[in-house]
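Report on one structure; see the data block that follows.
The values are calculated or read from the model by the stated rules, or taken from the named source; none is laboratory data. None of the values given here were measured: they were computed from a predicted structure. Glycine gets a Cβ as well: all are built from the backbone with ideal geometry, and neighbour counts include every protein chain shown. When the accessible area is computed, the model is the full protein with side chains, heavy atoms only, and any ligands, DNA or RNA have been set aside. Shrake-Rupley method; radii C 1.70, N 1.55, O 1.52, S 1.80 Å.
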Amino acid sequence: MDETTTTAALPPVRHWPALDLFGVEFDPVLAELMREGPITRIKLPNGDGWAWLVTRYDDVRSVTNDPRFSRKLVVENDVTRLAPHFVPVDGAVGFEDPPDHTRLRRAVAPAFTTRGVERLRERARLLLDELVEEVLADGPPADLTERLLGPFPLAVVCELMGVPPIDRPRMHEWTNLILSSAHGVERSQRAKEDMCAYFADLLSQPRDGDDGDDEESVIGLLGTAVANGEITSSEAVGLALLIQIGGEAVTNNCGNMLFVLLTHPEHLARLRAEPAIRPRAIDELLRYIPHRSAVGLSRIAREDVTVAGVRIRAGEPVYVSYLAANRDPDVFPAPEALDFDRSPNPHVAFGYGPHFCVGAMLARMESELLVDAFLDRFPGLRFAVPVEEVRFRRGALIRGPESLPVTW
């Protein structure tokens, strides 16, 4: 961060409405804010007041890794925000600062290590193969959101969590309600309460200590951490809620990836012809796609801090935009281009600093399996409707296609 503080007047507060954008269109309001400077001021549709917005790559990484900016303080303030509902549960790791944040993440860390994720890979591959075989048996056309992009990440995160198959449809419904403003604040809050009650009940049930898979599940790890006095029961519920909801983000991210490939047939053909570049291509797709609407969670300055030459006062809220950082031309030449040869590609699609996405390796594994399935199991894959008729989720905090009707 630039420690040279400007004495210029504060930038104007710009209203940032909730936009329902088509496809992977980059938010025009965000693009305008990026042009106005590395740090601007915004007002979102809900909450009170205004907040700083940081968009430059280096500044985004600095703010997210700076202990002078607090997530915990956000809970005590009605910060301007995109979502109409804002009721974090106790133990919501996204609203904790170190050392409590570190303590909470440590409780579930074994499930998200390389070993933990690889333990799931073969099971995930089998789950996906079963779903693909059903789609192929039924024949085209098919809605891949309904048949693959929805059920597969749900099944994988529930396997990771230790949620029984019979309860998975409820998990999916609750997650959609929590992550959308389209159904109203009350329904979103009720869904959050229902999911918390479910996890509280699941965590209270006696666990079979002889079952290795159960002990390695997130619920098993949380139960052990509670029993050992490392975290409280309410903190365990908050962690379970966050991980369950975050697991289904793969549905939207991979839906966006497939939409991009189907609208860039030359890129799709190259990935079929050169399977070795697929991991690199997935990184570029993660950098390129707009994986959320507007911005995520804010931070509040604990003390006066200078960012990009502007003095942020103690108590003022700050947002960072990972989408903007991933389009910073000083870091990513020709940032609007989809370039599978881009190297290096230090994107921040999974965040940065202490709040880096705990499930990043799991999401990458699922993305690799899904992309392989699209490319290898569906020759001639293409849209079954004109591209402008593809529906994208409305009122969603995480962007993605509501349906992907395809044929092959």
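If packing is taken as the mean number of other Cβ atoms within 10 Å per residue, what is the order of 226-236, 38-48, highest first?
Going from most to least packed, we get 38-48, 226-236.
Let me know the shape class of segment 289-341, please: from the alpha-carbon gyration tensor, a ≥ b ≥ c as square roots of the eigenvalues, rounded when a/c is under 1.5, otherwise prolate if a/b is greater than b/c, or oblate.
Judged from the Cα gyration tensor, segment 289-341 comes out oblate (a/c at least 1.5, b/c at or above a/b).
Once you have the Cα-Cα distance between Ser343 and Leu126, take 0.36 nm times their residue separation minus that, and quote the gain in nm to one decimal.
This chain segment gains 74.9 nm when fully extended.
Tell me which residues come under 5 Å, amide H to amide H, from Gly47 once H is placed; ignore anything under 5 positions away on its chain.
The list, which skips near neighbours in sequence, is Arg81.
Considering only protein heavy atoms and a 1.4 Å probe, what is the carbon-and-sulfur percentage of the accessible area of the chain?
That share works out to 53 percent.
I'd like to compare 311-322, 111-122: which one has the highest average count of other Cβ atoms within 10 Å, and what's the full order after that?
The packing order, highest mean first, is 311-322, 111-122.
From the convex hull of the Cα coordinates of segment 358-408, what is the mean projected area in square nanometres? Provide the component values of the computation, followed by the final result.
Values: hull surface 18.2 nm².
Directional mean of the projected Cα hull area for segment 358-408 stands at 4.6 nm².
Taking the Cα centre of segment 239-395 as origin, sum charge times position over the Cβ atoms of Lys and Arg (+1) and Asp and Glu (-1), and report the length of that vector in debye to the nearest 20.
Using Cβ point charges on Lys, Arg, Asp and Glu, segment 239-395 gives about 340 debye.
Given a 1.4 Å probe, how much area per residue of the chain is accessible, in Å²?
42 Å²
Quick one: dipole size for segment 155-297, taken about the Cα centre, charges +1 on Lys/Arg Cβ and -1 on Asp/Glu Cβ, in debye to the nearest 20.
With only Lys, Arg, Asp and Glu charged at Cβ, the dipole is about 920 debye.
Can you work out the Karplus-derived ³J(HN,Hα) for every residue in segment 311-325? Use 6.51 cos²θ - 1.76 cosθ + 1.60 with θ = phi - 60°, whole Hz, and x for glycine or proline.
7, 9, 7, 3, x, 8, x, 9, 10, 10, 10, 5, 4, 5, 4
Below 8 Å between Cα atoms, with a sequence gap of 6+, how large is the relative contact order for the chain in percent? Could you put the intermediate results ahead of the total?
On the way: 644 pairs, mean separation 114.3, N = 408.
With pairs under 8 Å counted, the relative contact order is 28 percent.
Set the Förster distance to 41 Å, then compute FRET efficiency between Leu136 and Asp78 from the Cβ-Cβ distance, nearest 0.05.
With R0 = 41 Å, the Cβ-Cβ based efficiency is 0.20.
Separation between the Arg106 and Lys43 pseudo-spin-labels, each 7 Å from Cα along Cα→Cβ, expressed in nm?
4.4 nm
Is there a quick way to get the dipole size of the chain? I mean about its Cα centre, with the Cβ of Lys and Arg at +1 and of Asp and Glu at -1; what is the value in debye to the nearest 20?
940 debye
Which far-off residues, 5 or more places away or on another chain, put their amide H under 5 Å from the one on Arg311, with H placed in the peptide plane?
Thr6
With contacts defined as alpha carbon pairs under 8 Å and 6 or more residues apart, what's the relative contact order of segment 164-295 in percent?
Across segment 164-295, relative contact order equals 18 percent.
State the answer as a single residue: which of Val310, Gly351, Val390 lies farthest towards the positive end of the charge dipole of the chain, with beta carbon charges of +1 for Lys and Arg and -1 for Asp and Glu, about the Cα centre.
Final value for the positive-end residue is Val310.
According to the square roots a ≥ b ≥ c of the eigenvalues of the Cα gyration tensor, what is the shape class of the chain, taking rounded for a/c under 1.5, prolate for a/b larger than b/c otherwise, and oblate for the remainder? If you can, show how the numbers build up before the last one.
Values: a/c = 1.68, a/b = 1.13, b/c = 1.49.
Oblate, since a/c reaches 1.5 and b/c is not below a/b.
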